[in-house]
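Since the structure comes first, as structure tokens, the remarks are kept for the end.
The values are calculated or read from the model by the stated rules, or taken from the named source; none is laboratory data. Quick caveat: nothing in here was measured; it's all calculated off a predicted structure. With ideal geometry, Cβ positions are generated from the backbone for all residues, glycine too; neighbour counts draw on all protein chains shown.
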């Protein structure tokens, strides 16, 4: 929710309030600041309320400057401040020919992906690679299991074969703007993803980051077809030319 109140522009020199936001406790002020950095806007995210401090959620507001900002200037914590009340008439809107539905959907996608981009490296930095691999993989696997049905429906995947799961991965990869394809190779289906837009530009990623992210697909595969075996044989983060998954269906009990 965006809120605007020009009255609080007096609290920062050479700036004007662009808006104020409230968000549920799962939202991240760091992600907000990163969103503004990606968009090129000279905007400060000022966060003054946090659920972790016993407050009802993340609350804050935006300042728009008339100069470019350094990355460290794009986020300011301001405990004790009170943001402006929501004014629907003054709230900024994105509409018209410059904002078609496809562009709005891409913004929502990028915003969601940025959480993963931020969380996984910080998880490894905070807990170390072994614990990050465990925590991230358990969480990723559960999310993959929980959202498989909805994801498959949205992507138009109805079957349960190895080929169907490969197609699910392909469509997910294309939705993330990655270059990805699959093909049959003997008794296996091979999926190759040649780019990783999610982590583009982040140097020296711990291996645990991929392991946690990959657990999403492991969880999804376990619900898609419990007999599927998904094996990672190449990794971009290890210097290989692509991520490569080999998918096969193990024989059922009593099979010859």
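Enumerate the pairs (first residue in the range 96-113 and assigned by TED's automatic domain parsing to the domain that holds residue 199 and in contact (Cβ under 8 Å) with a residue 40 or more places away in the chain; second residue anywhere and exposed (fewer than 13 other Cβ atoms within 10 Å of the Cβ) and assigned to a helix (DSSP H, G or I)) with beta-carbon separation below 8 Å, excluding pairs fewer than 6 apart on the same chain, so at least 6 apart or on different chains.
110/38
Testing residue 94 on (1) part of a helix (DSSP H, G or I); (2) exposed (fewer than 15 other Cβ atoms within 10 Å of the Cβ), one condition comes back false. Which one is that?
Against the list (1) part of a helix (DSSP H, G or I); (2) exposed (fewer than 15 other Cβ atoms within 10 Å of the Cβ), residue 94 comes up short only on (1).
Quick check on this structure: which one of 216, 168 is within 21 Å of residue 121 (Cα to Cα), in the same structural domain as residue 114 (by TED's automatic domain parsing) and assigned to a helix (DSSP H, G or I)?
On the way: 168 fails: within 21 Å of residue 121 (Cα to Cα).
Matching residue, one of 216, 168: 216.
Between 69, 104, 58, 75, which is within 20 Å of the chain's Cα centre (by Cα), crowded, with 16+ Cβ neighbours inside 10 Å and at pLDDT 75 or above? Step through it out loud before you land on a result.
Details: 69 fails: within 20 Å of the chain's Cα centre (by Cα); 104 fails: crowded, with 16+ Cβ neighbours inside 10 Å; 58 fails: at pLDDT 75 or above.
After ruling out the rest, the residue left standing is 75.
Select from the range 182-199 the residues that are in contact (Cβ under 8 Å) with a residue 12 or more places away in the chain and assigned to a loop (DSSP other than H, G, I, E, B) and write down the one among them that is surrounded by the most Cβ atoms within 10 Å (Cβ to Cβ). So that I can check it myself, show each step before the final result.
Here is the first cut: in the range 182-199, the ones in contact (Cβ under 8 Å) with a residue 12 or more places away in the chain are 182, 184-185, 187-199.
Going one step further and asking which of them are assigned to a loop (DSSP other than H, G, I, E, B), we end up with 187, 194-196.
Values: 187: 9, 194: 14, 195: 15, 196: 20.
Among them, the one singled out is 196.
Return the only residue of 236, 228 being in the same structural domain as residue 113 (by TED's automatic domain parsing) and crowded, with 18+ Cβ neighbours inside 10 Å.
Values: 236 fails: crowded, with 18+ Cβ neighbours inside 10 Å.
On inspection, the qualifying residue turns out to be 228.
Results for (1) surrounded by 18 or more Cβ atoms within 10 Å (Cβ to Cβ); (2) farther than 18 Å from residue 116 by Cβ; (3) without any contact (Cβ under 8 Å) to a residue 60 or more places away in the chain, shown as yes or no for each residue.
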{"site": "128", "(1), (2), (3)": "no, yes, yes"}
{"site": "160", "(1), (2), (3)": "no, yes, no"}
{"site": "180", "(1), (2), (3)": "yes, no, yes"}
{"site": "201", "(1), (2), (3)": "no, no, yes"}
{"site": "214", "(1), (2), (3)": "yes, no, no"}
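For residue 143, are the conditions met, namely being modelled with pLDDT of 95 or more and surrounded by fewer than 16 Cβ atoms within 10 Å (Cβ to Cβ)? Full working, then the answer.
Numbers: modelled with pLDDT of 95 or more: yes; surrounded by fewer than 16 Cβ atoms within 10 Å (Cβ to Cβ): yes.
It is true that residue 143 is modelled with pLDDT of 95 or more and surrounded by fewer than 16 Cβ atoms within 10 Å (Cβ to Cβ).
Anything in the range 243-256 that is crowded, with 18+ Cβ neighbours inside 10 Å and farther than 14 Å from residue 188 by Cβ? List them, or say none.
Result: 243, single match.
What residue, of 160, 170, is touching a strand residue (DSSP E or B) at 6+ places or on another chain (Cβ under 8 Å), closer than 17 Å to residue 247 by Cα and at pLDDT 95 or above? Break it down into steps so the answer makes sense when it comes.
Details: 160 fails: touching a strand residue (DSSP E or B) at 6+ places or on another chain (Cβ under 8 Å).
Criteria check complete, one pass: 170.
Give just the number: which of (1) farther than 22 Å from residue 207 by Cβ; (2) part of a helix (DSSP H, G or I) does residue 159 not satisfy?
(2)
Pick from 153, 218: which is under 21 Å from the mean Cα position of the chain (by Cα), modelled with pLDDT of 95 or more and surrounded by fewer than 16 Cβ atoms within 10 Å (Cβ to Cβ)?
On the way: 218 fails: surrounded by fewer than 16 Cβ atoms within 10 Å (Cβ to Cβ).
Only one candidate passes the filter, namely 153.
Across the range 52-86, what is the total count of residues that are under 23 Å from residue 108 (Cα atoms) and in a loop (DSSP other than H, G, I, E, B)?
Here is the first cut: in the range 52-86, the residues under 23 Å from residue 108 (Cα atoms) are 57-64, 71, 74-75, 86.
Checking the rest, the ones that are also in a loop (DSSP other than H, G, I, E, B) come to 57, 74, 86.
Count: 3.
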